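What follows is a short report on a single structure.
Where a number appears in this text, it was derived from the coordinates with a stated rule and is not lab data. What you see is a predicted model; the values in this text were computed from it and never measured. All Cβ positions, glycine included, derive from the backbone under ideal geometry; neighbour counts span all protein chains shown.
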Amino acid sequence: MKIYISTDLEGVCGVYRFAQTREYGTPENIEARHLLMGEVNAAVAGCFDGGATRVVVRDGHNGAISFFPEELDERAEMVMGRFSPRDQVLRQGFDGAILLGFHSMSNTEGGILCHTQSSKTWDNYWINGRLSGEICQSAITVGEFDIPVVMVTGDDKTVKEARDFLGDEIVTVKVKTGLGREGALMHSPKKARAMIREGARDAMSQISKVNPYKPEFPLTIRWQFLNSDIVTNYKGDAKHIDDRTLEKVVHKPADIISP
Ligand SMILES: [Zn+2]
């Protein structure tokens, strides 16, 4: 049983303010990334507890340079940095995926560090008229390779969003509760890791019950940005809806993220 773990930083227990996620290499950011590694290793351990034979972890936050390689559980492999084509690793074949340390979509009330793609430039994002975020995007990305998302971790709003999109058969682990965009009620990171390990172990037995997320293409994607700069400077073939909004009909998963 081969498992692919996609990670982000905003949904990790102990991470609750943009000072930890937006700047690279600051003391706040380094603290957050050590907390991330703790959750990564907890998930890896849970996968192996549950019968996994291969676990590959993708560093997914902001340029994919957040992992501390030395800290990774030696049974796992990691994917870091930028590369093209982007599906080289997914093509190797996996039975299930975990979204670890994820966050809720832009404008989620009380969603800790909520955003979709860029917290500095993006506002709302719709797929076929439904407000969507990175959980849905990631599920489509792995779904293309018939890989079901079997577990999602993050705050209470993140796990709710995951269940809304992916159903109640998946395992969700709530490591914190959002009180505001930069405010949180949190477990101890140690407790969060224990819950993640247990969740990942349980998720291994759910794999056969969860379907890959494969919406039928073409899909109509609408992007709304925080200001007009991106739309003003945009040179592609998406339709201008207004000075902050673009829309495009896309025919493959690789095109859902950016116009
Ligand atoms: Zn992130």
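Descriptive notes on the structure:
- Cα lying deepest toward the dipole's positive end in region 1-57, options 12, 42, 25, charges on Cβ: 42
- Taking every DSSP bridge with both residues inside the chain, close to 50 percent are antiparallel.
- Long-range Cα-Cα pairs in region 145-198 (distance over 14 Å), rounded percent: 55 percent
- Only Lys, Arg, Asp and Glu carry charge here, each on its Cβ (+1 for the first two, -1 for the last two); on that basis region 21-94 has a dipole of about 440 debye about its Cα centre.
- Counting only Cβ charges, +1 for Lys and Arg and -1 for Asp and Glu, the dipole size of the chain around its Cα centre is about 120 debye.
- Relative contact order of the chain, defined on C-alpha pairs under 8 angstrom at six or more residues apart (%): 22 percent
- Kirkwood Rh, angstrom, region 117-156 [1 / mean 1/r, Cα pairs]: 11.7 Å
- For region 20-26, backbone phi angles converted through the Karplus equation (6.51, -1.76, 1.60; θ = phi - 60°) give residue-by-residue couplings of 7, 10, 8, 9, 9, x, 6 Hz, Gly and Pro being listed as x.
- Three-way shape call for region 181-259 based on the alpha-carbon gyration tensor, with the a/c threshold at 1.5: oblate
- Compared with the rule-of-thumb size 2.2 N^0.38 Å for a compact globular protein, the chain has a Cα radius of gyration ratio of 0.96.
- Loop sites in region 1-84: trypsin sites (Lys or Arg not before Pro), DSSP, at most 12 other Cβ within 10 Å: 82
- Computed from phi, the 3J(HN,Hα) profile of region 145-153 under the Karplus parametrisation 6.51, -1.76, 1.60 (θ = phi - 60°) reads 9, 6, 9, x, 7, 9, 7, 9, 10 Hz, with x in place of Gly and Pro.
- Note on region 128-232: Cα convex hull, mean projected area over all directions, 8.6 nm².
- Listed residues 191, 235, 176, most fluctuating in the chain (Gaussian network, C-alpha, under 10 Å): 235
- The chain: calculated mean residue ellipticity at 222 nm from DSSP helix runs of at least 4, using -39500 (n - 2.57): -8000 deg cm²/dmol
- Rounded to 5, percent antiparallel among DSSP beta bridges of region 63-216: 45 percent
- Inter-centroid distance (Cα atoms) of region 211-245 relative to region 177-207, Å: 32 Å
- Phi angles of region 79-88 translate, via the Karplus equation with coefficients 6.51, -1.76, 1.60 and θ = phi - 60°, into HN-Hα couplings of 10, 10, x, 9, 7, 9, x, 6, 9, 3 Hz per residue; Gly and Pro are given as x.
- Sparsely packed loop sites in region 85-126 (the trypsin sites (Lys or Arg not before Pro) outside DSSP H, G, I, E and B with at most 14 other Cβ atoms within 10 Å) comprise 86, 120.
- Helix axis angle, 27-49 relative to the chain longest principal axis, alpha carbon, degrees: 60 degrees
- Here's the picture: charge each Lys and Arg Cβ at +1 and each Asp and Glu Cβ at -1 in the chain, and of 208, 227, 259 the one pushed furthest to the positive end of that dipole is 208.
- Each pair of Cα atoms in region 43-166 enters the Kirkwood radius, and Stokes-Einstein at 37 °C and 0.692 mPa s then converts it into a translational diffusion coefficient of 210 µm²/s.
- Across region 107-259, the relative contact order, built from alpha-carbon pairs under 8 Å that are at least six residues apart, equals 27 percent.
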